[in-house]
Amino acid sequence: MSVRIAPATQTPRASQQAVQSSAAVNSRPAPRWPALRDELDIQPGPSHADGEPTWVLHDAARQLFFRIDWLSFEILSRWGYGDTGSILAAIACDTPLEAGEDDVKRVLAFLTEQQLLRPEGEEALARLVERRQASRSSWWTWLIHHYLFFRIPLWRPDAWLRRWLPVANVFFSRRFVGLSLAAAALGLALVARQWETLRTYLFDSFSLEGMVVYALALSAVKWLHELGHAFALKRQGGRVPAMGVAFLVMTPMAYTDVNEAWRITGRRQRLQVSGAGIATEGIIAAWALLAWALVPDSGLRSALFFLATTSWVMTLALNANPFMRFDGYFILCDWLDFPNLHARSFALARWKMRQWLFGLADEPPERFAAGKRWALIAFAWSVWIYRLVLFLGIALLVYHLFTKLLGVLLFLVEIYWFIWYPVRRELAVWWERRADIGDQRRARISALVVLTLITVAALPLPSWVWVSAQLKPAEVWAVHAPVGAYVEALTVADGQAVARGAVLMRLSAPEIRMQADLQQARWARVHWEAVSSSIPQAESRPLATARAQGEAALAEYNRSRQALAQLQPRAPFDGRLFLLDPDLAKGQWVGARERLGYLVGPGPWRVETWMEEDQVRRISVGARAHFYAPSLGRSLSARVDMVDTDRAQTLPDAMLAAPSGGHVLVRESKGEWIPERSVYRVTLALEEPLPEAWAQVARGDLVLAAGARSALWSLLESAVSVIWREMSP
Ligand SMILES: [Zn+2]
């Protein structure tokens, strides 16, 4: 990471707002012309993309840099003339620029705002004291700031850098960069031939020893990254006052103060400084790749692997991101030659937003061609949305990492600081300009839209619970094939009524039939032997053994007969048989445990489902519902009949389970369907008689009318319940 404090306000086109407020400041009688502080110096800066020259104002005491436009430069360099009139006259005489009183006031406001004037007189002193008190914050703001971000400068590297610059220059040479590219190419070629080894490295490298090696390699590479920035700046003649560690939400990162990069006039040279860190890591990755392909297996080799792959990819993913103020942002600024990209695009997007919301006809903060303006606004919104998602994510992570109350507190701090704080600043501007805003028709329309949205969110509106459900008879019995078998005869037609005890179909499994025949034969033989053993001339065998054998043979034979009986299922009650496959025919083979049909009792049909606790809480017995199954082609109205008070341990079948298309999350264990969360059975009675043609077990969607509830209220409720849960011991 390289740290640069961006030049503060772009003086030339400071926003209308700033000009107005500064005019207010300066309308007070100013008895004496204020003098500039002694520690300031001005040097030529990089030219703007449109060719306009700029200057860099350097506050040596505070090590701050401000980029100044041409007119402001001319005004500042004549500051000593002592009054507005003389300055304007001199500028009109010496330069082709046109300047007015407002321009001088604007520069004065900028100097006051940035504390670049020599404090004189009681009023200035009072202002200084006031400012100092404002900046001295309470202990808790200090704590919050330091929890979110703080920097520890560890080293003043400037003299050391100067000594080692000749060595470093070797690495910046065109020859070395060329060599590194060649190393990368060669490394890639060699790695391509060891593809399998590379893959095992990818998956095997998460040992403890590996982690230690990686941590060492990571810190080494990060310091080299920082040295890359530092030497790049040193090569341009800049001074590097400090290097150290910065903590962002308590995550350490190395940083280098490369503020002096603002002095560099060439765009390419500045780009070198901001890009040097990532480039250094790229070069390290190139050489590491080549070395990995060459050295034998060792701890060193896994470190090389890390440098060649993970470290480099991680750097690109995190550091090259232009949405945060990391290297990628400064690279983008320098590449586009557009300093202060974030602040300037934000200002533009805020200006556009005020126009959209309130129809305010302000001057834009800066003028651009339409295409560029839209690109900047789109960029600003991308940054905002990206940061909103990121900070919410970090806040949630922090909430989960820390215990109970501390987690909630840190979560709130993050939300306050990263999300609410910038929003509040914009709201403050709206409040300040409420008089302007109130006049606009557009503002009233926006207010109406927002009010309507809030009302809709707050109103208790009827709500629905939407689940999958099953239409089924009160009495139902499934017909299974016990083993793989073929259909010998269909004794009952699809949909036909049967009496209790009637055979529903005959299946035949030749193997079981054969086994049964064999066992019958064996039993017959054993039985005959047992009978005949009482005759003395037979082989003499103990009577007990013969009897035991006979019993065993009989038991086996009975088991086979039972299996045979299962192949001829009988109706356990009066009802109607429905085949799952209406085309099931004689001679067809069916698989073991295959469901063939349902025997449906004469009782009423009903709708059944399982719901989670918060859903059950919202419905009550008697609530209206609609059931719709695609196979029926029409919806049926129903009413909640019964809600179980005990949670269901298992589901009777998989029809409503998520894997087969239902809504209940389940896991399968030993052929049973066990709900993952607490679910309760809900049964509904049909409000209308079910036409006979529809009497089939069907899955469909069930929409239940739930109690009225306000979206806003339920959001509040769940927030309060989280806080309550975390605070209770
Ligand atoms: Zn960097």
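The values are calculated or read from the model by the stated rules, or taken from the named source; none is laboratory data. Only a predicted model underlies this, so the values are computations on that prediction, with no experimental measurement involved. Cβ atoms come from the backbone with ideal geometry, glycine included; neighbour counts cover every protein chain shown. All accessible areas refer to the heavy atoms of the entire protein, side chains included, with ligands and DNA or RNA removed. Shrake-Rupley method; radii C 1.70, N 1.55, O 1.52, S 1.80 Å.
Which condition from (1) modelled with pLDDT under 85; (2) closer than 30 Å to residue 281 by Cβ; (3) open to solvent by 90 Å² or more (accessible area, probe 1.4 Å); (4) in a helix (DSSP H, G or I) is the one that residue 206 breaks?
Checking residue 206 against (1) modelled with pLDDT under 85; (2) closer than 30 Å to residue 281 by Cβ; (3) open to solvent by 90 Å² or more (accessible area, probe 1.4 Å); (4) in a helix (DSSP H, G or I), the one that fails is (4).
Condition first: within 13 Å of the ligand (Cβ to nearest atom) and open to solvent by less than 20 Å² (accessible area, probe 1.4 Å). Now tell me which residues in the stretch 308-318 satisfy that.
315
Given the conditions (1) surrounded by fewer than 19 Cβ atoms within 10 Å (Cβ to Cβ); (2) under 30 Å from residue 522 (Cα atoms), and given that residue 647 satisfies all but one, which numbered condition is not satisfied?
Answer for residue 647: the failing condition is (2).
Please go through the stretch 68-84 and give me each residue that is small (Gly, Ala, Ser) and either surrounded by 13 or more Cβ atoms within 10 Å (Cβ to Cβ) or modelled with pLDDT of 85 or more (or both), ordered by number. Even if it seems obvious, please write down each step before you answer.
Filtering the stretch 68-84 down to residues small (Gly, Ala, Ser) leaves 72, 77, 80, 82.
Answer for the stretch 68-84, where residues must be small (Gly, Ala, Ser) and either surrounded by 13 or more Cβ atoms within 10 Å (Cβ to Cβ) or modelled with pLDDT of 85 or more (or both): 72, 77.
If the Cβ limit is 6 Å and pairs must be 6+ apart or interchain, which residue in the stretch 214-232 that is under 18 Å from residue 246 (Cα atoms) and open to solvent by 60 Å² or more (accessible area, probe 1.4 Å) pairs with which residue that is within 11 Å of the ligand (Cβ to nearest atom) and part of a helix (DSSP H, G or I)?
Final answer for the pair search is 224/280.
A quick yes/no check of all residues on (1) under 32 Å from the mean Cα position of the chain (by Cα); (2) over 14 Å from residue 607 (Cβ atoms); (3) in a strand (DSSP E or B):
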{"site": "627", "(1), (2), (3)": "no, no, yes"}
{"site": "632", "(1), (2), (3)": "no, no, no"}
{"site": "637", "(1), (2), (3)": "no, no, yes"}
{"site": "640", "(1), (2), (3)": "no, no, yes"}
{"site": "648", "(1), (2), (3)": "no, yes, no"}
{"site": "655", "(1), (2), (3)": "no, no, no"}
{"site": "681", "(1), (2), (3)": "no, no, yes"}
{"site": "701", "(1), (2), (3)": "yes, no, yes"}
{"site": "706", "(1), (2), (3)": "yes, yes, yes"}
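Tell me whether the stretch 276-292 contains one or more residues that are outside any helix (DSSP H, G or I) and either away from the ligand (no atom under 16 Å from the Cβ) or in contact (Cβ under 8 Å) with a residue 12 or more places away in the chain (or both). Walk me through how you get there before you give the answer.
Narrowing the stretch 276-292 to residues outside any helix (DSSP H, G or I): none.
No - not one qualifying residue is present in the stretch 276-292.
Please determine, by comparing only the residues of the stretch 224-246 that are within 16 Å of the ligand (Cβ to nearest atom) and touching a strand residue (DSSP E or B) at 6+ places or on another chain (Cβ under 6 Å), which one is nearest to residue 304 (Cα to Cα).
Taking the candidates together, the pick is 226.
Just give me the residues in the stretch 395-414 being surrounded by fewer than 16 Cβ atoms within 10 Å (Cβ to Cβ) and at negative phi, in sequence order.
First, the residues of the stretch 395-414 that are surrounded by fewer than 16 Cβ atoms within 10 Å (Cβ to Cβ): 396-397, 400-406, 409, 412.
Passing the criteria: 396, 397, 400, 401, 402, 403, 405, 406, 409, 412.
If residue 319 satisfies all but one of (1) without any contact (Cβ under 8 Å) to a residue 24 or more places away in the chain; (2) more than 20 Å from residue 423 (Cα to Cα), what's the number of the condition it fails?
(1)
Can you name the residue in the stretch 431-455 that is open to solvent by 60 Å² or more (accessible area, probe 1.4 Å) and touching a residue at least 12 places away in the same chain (Cβ under 8 Å) and, of all such residues, is nearest to residue 392 (Cα to Cα)?
Within the stretch 431-455, the subset open to solvent by 60 Å² or more (accessible area, probe 1.4 Å) is 431-432, 434-436, 439, 441-442, 444-445, 448-455.
Still in the running and touching a residue at least 12 places away in the same chain (Cβ under 8 Å): 436, 441-442, 454.
Details: 436: 34, 441: 35, 442: 32, 454: 22 Å.
This residue is 454.
Which residues, taken from the stretch 273-307, are of a type in the set (A, V, I, L, M, F, W, C) and open to solvent by 50 Å² or more (accessible area, probe 1.4 Å)? Don't jump to the end; show me each part of the working.
Going through the stretch 273-307, the residues of a type in the set (A, V, I, L, M, F, W, C) turn out to be 273, 276, 278-279, 283-295, 300, 303-307.
279, 287, 294, 300 - these are the residues of the stretch 273-307 that are of a type in the set (A, V, I, L, M, F, W, C) and open to solvent by 50 Å² or more (accessible area, probe 1.4 Å).
Of all residues in the stretch 366-416 being among the hydroxyl-bearing types (Ser, Thr, Tyr) and at pLDDT below 80, which is nearest to residue 348 (Cα to Cα)? Break it down into steps so the answer makes sense when it comes.
Let us first name the residues in the stretch 366-416 that are among the hydroxyl-bearing types (Ser, Thr, Tyr), namely 382, 386, 399, 403, 416.
Those left that are additionally at pLDDT below 80: 399, 403.
Numbers: 399: 34, 403: 41 Å.
It comes out as 399.
Determine whether residue 349 is closer than 27 Å to residue 262 by Cβ, surrounded by 15 or more Cβ atoms within 10 Å (Cβ to Cβ) and away from the ligand (no atom under 16 Å from the Cβ). I'd like the intermediate steps shown before the answer.
Numbers: closer than 27 Å to residue 262 by Cβ: yes; surrounded by 15 or more Cβ atoms within 10 Å (Cβ to Cβ): yes; away from the ligand (no atom under 16 Å from the Cβ): yes.
Against the criterion (closer than 27 Å to residue 262 by Cβ, surrounded by 15 or more Cβ atoms within 10 Å (Cβ to Cβ) and away from the ligand (no atom under 16 Å from the Cβ)), residue 349 qualifies.
Within the stretch 247-260, can you find the residues that are within 13 Å of the ligand (Cβ to nearest atom) and either in a strand (DSSP E or B) or within 30 Å of residue 397 (Cα to Cα) (or both)?
Here is the first cut: in the stretch 247-260, the ones within 13 Å of the ligand (Cβ to nearest atom) are 253-258.
The answer is 253, 254, 255, 256, 257.
Of all the helices (runs of 4 or more DSSP H) wholly in the stretch 375-442, which have at least 3 residues that are under 24 Å from the mean Cα position of the chain (by Cα)?
404-414, 421-432
What single numbered condition from (1) modelled with pLDDT of 85 or more; (2) in a strand (DSSP E or B) fails to hold for residue 668?
Every condition holds for residue 668 apart from (1).
Run residue 270 past the list (1) buried (at least 20 other Cβ atoms within 10 Å of the Cβ); (2) within 13 Å of the ligand (Cβ to nearest atom) and report the number of the one that doesn't hold.
(2)
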